[in-house]
1. How long are the semi-axes of the ellipsoid equivalent to the range 209-312, from square roots of 5 times the Cα gyration tensor eigenvalues, in whole Å, largest first?
2. Please list, in chain and number order, the residues 5+ apart from Leu257 or on another chain whose amide H is under 5 Å from its amide H, with Hs placed from the backbone.
3. What length, rounded to one decimal in nm, is gained on full extension from Thr42 through to Leu275, with 0.36 nm per residue of separation minus their alpha-carbon distance?
4. Please report, in debye to the nearest 20, how large the charge dipole of the range 1-90 is about its Cα centre when each Lys and Arg carries +1 at its beta carbon and each Asp and Glu carries -1 there.
5. To test your reading of the geometry: what angle, between 0 and 90 degrees and rounded to tens, separates the Cα axis of helix 25-42 from the longest principal axis of the chain?
6. Got a sec? How would Asp88, Asp203 order by Cβ neighbour count within 10 Å, fewest to most?
7. Pull up the cross-link candidates among the aspartates and glutamates for Lys293, meaning alpha carbon to alpha carbon under 14 Å and not fewer than 8 places away within one chain.
8. Just going by the charge dipole of the range 132-187, with Lys and Arg at +1 and Asp and Glu at -1 on Cβ, which of Ile175, Asn141, Gly165 is farthest out on the positive end?
Amino acid sequence: MHKDQLWEEANAFLRMYYQELHLSSDQLANRLAVIKQQIAATGIYEHTYEELSYGAKVAWRNSNRCIGRLFWNRLEVIDARDVQTSQDVFHYLYEHIKNAGNKGKIKPLITIFPPERPYRQQPVKIWNHQLLRYAGYETENGIIGDPASLEFTKECKRLGWQGEGTPHDLLPLVIQVNNEPPQWWKLPKDIVIEVNIRHPETDIFAGRLVKWYGVPIISDMRLEIGGINYIAAPFNGWYMGTEIGARNLADKDRYNLLPIVAKQLGLNTEHASTLWKDTSLVELNRAVLESFKRAGVSIVDHHTAAKQFQVFEETEQKQGREVTGKWSWLIPPLSPAATHVFHKPYNNTTKKPNYFYQPPYWK
Ligand code: ARG
């Protein structure tokens, strides 16, 4: 980023920060003077922990695709800007997985590694899409595991990792420091929460083991605060049931379980008009929610999540802030019109700070 532009972005962020936290304009002027000097001298500036922490929270608040934003202010922020080695990074990720899981009472958490620096190598890159994710393998008998992971699984194998070939092999953490060749690390089983999915009444998977991991930790997005790019900043909340039950386990190009669920429920799958897909979806989603509940792992159903989002919209309005949103993402994939979100227009303008997509490093 050009110095002038960085200065503009820093200004906008610091003004927002000082205003929202009711800090004095004298303090703001002092802080901006320091930042201006740092940018002039080095082409970059350094956030205080408080700025970093507030920036990460507001970035969540500004995430147009996320229905879970009511809790933006409760994000816990770990400052990992001091790491040097791949081992250090692994250690922070290990702690992140363990502490976010919190024995089932999931905590929204972000770990922030060093930002992008002008004219220098990138200290830390995380190659994984999520810290926890199942591998996918192409075999003679079709795909085993998560089809969404086929390519990355191949990459991990190229790096020397080997899975067991089950439908639920956790992929290794792939960490690259200082543009050296990446290193992979096996995840210790004891810190990874997984939930066996079982339907309360029916054997909907015909005896097969179906499970999912407890904590979705997105690790491939760039966090931008005041013009500074944190390209490695894995974050998590807890799952909304439909992400697993109506997408990961149901999508044709994912675990594709609807046909078997329908069969087990004794539904007629000859005609679309029997709504066998719909019935199966509902039962699969009940199974996901009840299984997480039984296991004591945090999860939210889509009706409750929508209600919470409505509270978020109200509190934001009271603060005089417009809630931006991406309608096609905010509506749940199950019974969307049964939530208020479906019936409202949302303005999909991008505010900063925010989390942004970035291309995968391994492609
Ligand atoms: N939809 C993604 C998945 O199923 C997770 C995205 C983040 N979700 C969340 N509840 N924070 O793995």
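1. Taking √(5λ) for each eigenvalue gives 32, 16, 14 Å, largest first.
2. Ala250
3. 77.7 nm
4. Rounded to the nearest 20 debye, it is 360 debye.
5. It is inclined by approximately 90 degrees.
6. Ordered from fewest to most neighbouring Cβ atoms within 10 Å, Asp88, Asp203 come out as Asp203, Asp88.
7. Glu194, Asp301
8. Comparing the listed Cα positions along the dipole, Ile175 ranks first.
Each value in this text was obtained by applying a stated rule to the coordinates, not by laboratory testing. Values in this document were obtained by computation on a predicted structure and should not be read as measured data. Methodologically, a virtual Cβ is constructed for each residue, glycine included, from the backbone with ideal geometry; neighbour enumeration extends over all protein chains shown.
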